[in-house]
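> Before I ask anything, here is the structure I am working with.
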Amino acid sequence: MERLQKVIAQAGIASRRKAEELIVEGKVKVNGKIVKELGTKVGASDRVEVGGVPIERERKVYYLFYKPRGVISAVSDDKQRKVVTDFFPFVEQRIFPIGRLDYDTSGLLLLTNDGEFANLLTHPRYQIDKTYVARLNGIPQRYLLKRLAEGIQLEDGKTAPAKVKELSIDKRKQRALIEITIHEGRNRQVRRMFEAIGFEVQKLKRERYAFLNLTGLNAGEFRELTTHEVKRLRTMAETGSLR
């Protein structure tokens, strides 16, 4: 169920504020009856008319995208840089990313036109596990990785406990591959966590989001989530068990 003014705005009839005015003025009908209450909610089966004309409601869509490096997690950019929605030229719905990945970070990103679903997944209390693989310039000692796992102090507060695993080291090139799983969503968090222990992240990729992964996709490719995956994400979020 979504607020009536939001449904009207999503259909492209008017802005949400203008939609509210239309409702108050008695120009909106739901299932043949005039509705003037701004708190009214409607479902997918409800017939909504504005000025006597039925509105067409977008089908809800959900995509898993393998974001390449050098792409903005947004629907537009004032510097004319490439954005994630540029990879969906034939998708008619007005989709947007759920959360974000930094410009220089690649990996799994979800996109949708379902605002309620997006809010559900980005709410701080639904601690969604997000797993990254970082290539470091240098090889951190085990006690430093333990500090990350226990939570480390950043300028915006201490991080929550994380799962940290050393995948490989290259002593000749002085590089390390480290897997880290967090459930917070602070700006550039993973990079800042490694900087806090004295290591620069040369390359960063999000490999998993909850139970989803990038299997079968190359950078720049996407697939639509299955109905089961969407239901599972929604159910896990609503029950607070997305970890």
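The values are calculated or read from the model by the stated rules, or taken from the named source; none is laboratory data. Not measured: the values here are computed from a predicted model. All Cβ positions, even for glycine, are placed from backbone atoms using ideal geometry, and neighbour counts span all protein chains on display. The protein model used for the area step is the full one, side chains on, heavy atoms only, and it has no ligands, DNA or RNA in it. Shrake-Rupley method; radii C 1.70, N 1.55, O 1.52, S 1.80 Å.
> If you count only protein heavy atoms with a 1.4 Å probe, what accessible area per residue comes out for the stretch 182-243, rounded to a whole Å²?
Per residue, the stretch 182-243 has an accessible area of 53 Å².
> With viscosity set to 1.306 mPa s at 10 °C, what whole-number translational diffusion coefficient in µm²/s follows for the stretch 124-243 from Stokes-Einstein and a Kirkwood radius over Cα pairs?
In µm²/s, the coefficient rounds to 102.
> So which lysines pass the test for residue 231, namely a Cα distance under 18 Å, with those fewer than 8 places away in the same chain ruled out?
60
> Test of understanding: what is the full-extension gain from residue 239 to residue 173, defined as 0.36 nm times their sequence separation minus their Cα-Cα distance?
Using 0.36 nm per residue and subtracting the Cα-Cα distance, I get 19.2 nm.
> Now for a separate question. Which trypsin sites (Lys or Arg not before Pro) from the stretch 34-100 combine a DSSP loop assignment with at most 10 other Cβ atoms within 10 Å?
Passing sites in the stretch 34-100 are 59, 79.
> Mind checking which lysines have their C-alpha under 30 Å from residue 165, skipping anything on the same chain fewer than 8 residues away?
Reachable lysines: 67, 130, 146, 173, 203, 205.
> On to the next question. For the chain, the longest stretch holding no chymotrypsin sites (Phe, Trp or Tyr not before Pro) located in a DSSP loop with at most 11 other Cβ atoms within 10 Å is which?
It runs 91-210.
> Just the accessible area for residue 123, please: 1.4 Å probe, Å², rounded to the nearest 10?
70 Å²
> Hey, another quick one. Can you list, bin by bin at 10 Å, the percent of alpha carbon pairs in the stretch 52-115, starting at 0?
Percent of pairs per bin, in order: 21, 50, 20, 7, 2.
> For volume of the Cα convex hull per residue in Å³, one of (1) 128; (2) 118; (3) 153 was computed from the structure I shared and the rest are decoys. Which label?
Correct label is (3).
> Would you look at the GNM of the chain, springs on alpha carbons closer than 10 Å, and say which of 212, 204, 167 moves the most?
167
> Please give the per residue accessible area of the stretch 7-133, computed with a probe of 1.4 Å over protein heavy atoms only, in Å².
So the stretch 7-133 comes to 53 Å² accessible per residue, rounded to a whole number.
> If you average 1/r over every pair of different alpha-carbon atoms in the stretch 180-243 and take one over that average, what Kirkwood value in Å do you get?
One decimal place: 14.2 Å for the Kirkwood radius.
> Let me ask something additional. Within the chain, what is the longest stretch that has no GluC sites (Glu not before Pro) placed in a DSSP loop and near at most 11 other beta-carbon atoms within 10 Å?
156-243
> Tell me, what % of the accessible area of the chain is carbon and sulfur with a 1.4 angstrom probe?
Using a 1.4 Å probe with all protein chains present, the chain comes out at 46 percent carbon and sulfur.
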